[in-house]
Amino acid sequence: MNSGIQRSKEAFAAHIMQLQVLDTHTHLVGDRLAARDFWEIAHYFWLFREMQAAGYPSSAMELPEDLRIDAFLEAYHETRNTLMNIAFTHIFRDLYGIEISDKASVWEAIAAVKQSAQRADWAQEVADRMQARRFVVNIPEHTEFQGMRQNAILIPRIDGRIGPWVKEIESSNNPATAFAQTRLKLAQLLDAYQEEGIIGIMTTLPGYEASANRKVVIGQGSTKDEILMMLLHEIGAAAEQRGLLLQLFLGVERSWCGTATPVNDPARILKLSALFETYACPFELVVASELNNLDIVQAAWNFPNVHVGGHWWFNFRASTYRDSMQYRLEALPAIKSSLIVSDARCMEWSYGKIVVIKRLVSEFLWNQIEAGWIDQDAAIRIAENWLYRSAAKRYGLEELFRS
């Protein structure tokens, strides 16, 4: 429905900031949602990595706190241009009213986080500040969100089972029998999830040479990649039978060195396309590699059961968001696309990242309005879907239909 409200750029941005959000991938832990101290926020992996590039020592926690603050400030000021620094700055400016600038401000921040960590209602307050309605976790023990109105949505990750299953089948004296036994284990696992009312499963995937359109009979001489791909066929079939969502997190490789790296494999999504075509379960694709942003949009355009998710790992950059939003705007109904993946380990970092995403959404959609491609009502509807409604519909949340 056309609201008839015409907003200025500033009013439009303020409206976007007040839209509700569903954070589709976090590492939040239900009994310690808020940061316990300043350093838990300051040493968040992504900011820490950027600070290290500016000379911050990897052993910073071993320094006396006074010297650590000196080192932190030097690296903080050197990284003011990075997106994680901007998110960190928003955390302390917005939530604590503190502008990080000098040693006194860091000591003030240390005291402020120590105080907020003692508040039972702090996590809910932070969630309300960013209009975050729900959060997804992947560990069953993490779902009970203490001090909050609602628990997390659980989408269990099964990559910790897939890897050992592949190794077990490959090393077996009888791979065919081992594969059949694994099929039974998978069925039992998904039956248990279905009985618990769980909506779907999530897995990361390593690089693979095999393709889903080439089915093989598992036996002596089957490669790890062939076994993996045939297991994915079994997972797709089992998920379809039980009406489960299948989240695939792709693009991070750990086989090249001891550090996780993004790998832009142009055939990564293509190799999985036969799964999307064969199994009617919903697929949600989340990638960490820049070039695959277009590939997942093409897959969602081709297959009605494929949806595109948020930006993961190395994809959390303003440039990749802008390109990705352009791909999605041109090709997909917004109800098939979600943008929020905070990957946060504390509620404060979910806030920092969501504020950045909302700002990027606002700027991007305003530019589309000014160019005459969409009007303001369409832009608001797109933002609502990207930030909340798409994921809420996919996850079967009742509040979607009351919003």
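The values are calculated or read from the model by the stated rules, or taken from the named source; none is laboratory data. Everything numeric in this text was worked out from a predicted model, so none of it was measured. In this analysis, Cβ positions are derived from the backbone assuming ideal geometry, glycine residues included, and neighbour counts consider all displayed protein chains. Just so you know, the surface numbers come from the protein's heavy atoms only, side chains and all, with ligands and any DNA or RNA stripped out. Shrake-Rupley method; radii C 1.70, N 1.55, O 1.52, S 1.80 Å.
Below is a table of values for the structure above.
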| read-out | value |
| --- | --- |
| Number of positions in the range 255-270 that are within 27 Å of Asn213 (Cα to Cα) and part of a loop (DSSP other than H, G, I, E, B) | 9 |
| Residue list for the range 239-254, restricted to those being open to solvent by less than 10 Å² (accessible area, probe 1.4 Å) and not in a loop (DSSP other than H, G, I, E, B) | Ala239, Leu245, Leu246, Gln247, Leu248, Phe249, Leu250 |
| Condition check for Val166: touching a Lys or Arg at 6+ places or on another chain (Cβ under 6 Å) and of a type in the set (Val, Ile, Thr) | yes |
| Output for the range 308-322, where each listed residue is of a type in the set (Ser, Thr, Tyr) and open to solvent by less than 10 Å² (accessible area, probe 1.4 Å) | Thr320, Tyr321 |
| Yes/no for Ala288 being open to solvent by 10 Å² or more (accessible area, probe 1.4 Å) and of a type outside the set (Ser, Thr, Tyr) | no |
| Check on Lys114, without any contact (Cβ under 8 Å) to a residue 60 or more places away in the chain and farther than 30 Å from Glu384 by Cα | no |
| Residues satisfying the stated conditions in the range 43-70, i.e. closer than 24 Å to His27 by Cβ, open to solvent by 40 Å² or more (accessible area, probe 1.4 Å) and of a type in the set (A, V, I, L, M) | Ala53, Met61 |
| Given (1) of a type in the set (S, T, N, Q); (2) at pLDDT below 95; (3) open to solvent by less than 20 Å² (accessible area, probe 1.4 Å), number of the condition Asn264 does not satisfy | (3) |
| Yes/no for Ser101 being at pLDDT 95 or above, in contact with a His (Cβ under 9 Å, 6 or more places away or on another chain) and surrounded by fewer than 20 Cβ atoms within 10 Å (Cβ to Cβ) | yes |
| Cβ pairs under 6 Å, 6+ apart, first in the range 254-265 and of a type outside the set (A, V, I, L, M, F, W, C), second loosely packed, with under 15 Cβ neighbours inside 10 Å | Arg254/Ala260 |
| Single residue of Phe276, Phe283 found to be over 22 Å from Arg389 (Cβ atoms), buried (at least 19 other Cβ atoms within 10 Å of the Cβ) and at pLDDT 95 or above | Phe276 |
| Qualifying position, being farther than 30 Å from Trp386 by Cα and free of Cβ contacts under 8 Å to residues at least 40 places away in the same chain, among Gln150, Gln124, Gln181 | Gln181 |
| Residue among Glu284, Glu226, Glu240 that is of a type in the set (D, E, K, R), closer than 24 Å to Val166 by Cα and within 22 Å of the chain's Cα centre (by Cα) | Glu284 |
| Residues of the range 169-190 that turn out to be under 30 Å from His27 (Cβ atoms) and open to solvent by less than 60 Å² (accessible area, probe 1.4 Å), as a count | 6 |
| Qualifying residues in the range 1-43 (those that are of a type in the set (S, T, N, Q) and touching a residue at least 60 places away in the same chain (Cβ under 8 Å)) - the one nearest to Ala132 (Cα to Cα) | Gln20 |
| Yes/no for Ala239 being under 22 Å from Leu339 (Cα atoms), in contact (Cβ under 8 Å) with a residue 12 or more places away in the chain and in contact with a Phe, Trp or Tyr (Cβ under 8 Å, 6 or more places away or on another chain) | no |
| Tally, over the range 124-163, of residues that are within 23 Å of Gln18 (Cα to Cα) and open to solvent by 10 Å² or more (accessible area, probe 1.4 Å) | 14 |
| Residue list for the range 353-371, restricted to those being among the hydrophobic types (A, V, I, L, M, F, W, C) and in a helix (DSSP H, G or I) | Ile354, Val355, Val356, Ile357, Leu360, Val361, Phe364, Leu365, Trp366, Ile369 |
| Residue count for the range 301-322, restricted to those that are within 17 Å of Leu250 (Cβ to Cβ), aliphatic (A, V, I, L, M) and either in contact with a Gly (Cβ under 8 Å, 6 or more places away or on another chain) or part of a helix (DSSP H, G or I) (or both) | 0 |
| Output for the range 323-352, where each listed residue is within 14 Å of Val297 (Cα to Cα), part of a helix (DSSP H, G or I) and open to solvent by 10 Å² or more (accessible area, probe 1.4 Å) | Asp323, Gln326, Tyr327, Leu329, Glu330, Ala331, Ala334, Ile335, Lys336 |
| Inter-residue pairs, beta-carbon under 6 Å, first assigned to a helix (DSSP H, G or I) and in the range 219-231, second of a type in the set (Gly, Ala, Ser), 6+ apart | Asp225/Ala210; Glu226/Ala210; Met229/Ala210; Met229/Ala212 |
| Residue within the range 210-223 that is aliphatic (A, V, I, L, M), open to solvent by less than 20 Å² (accessible area, probe 1.4 Å) and either modelled with pLDDT under 95 or under 23 Å from the mean Cα position of the chain (by Cα) (or both) present | no |
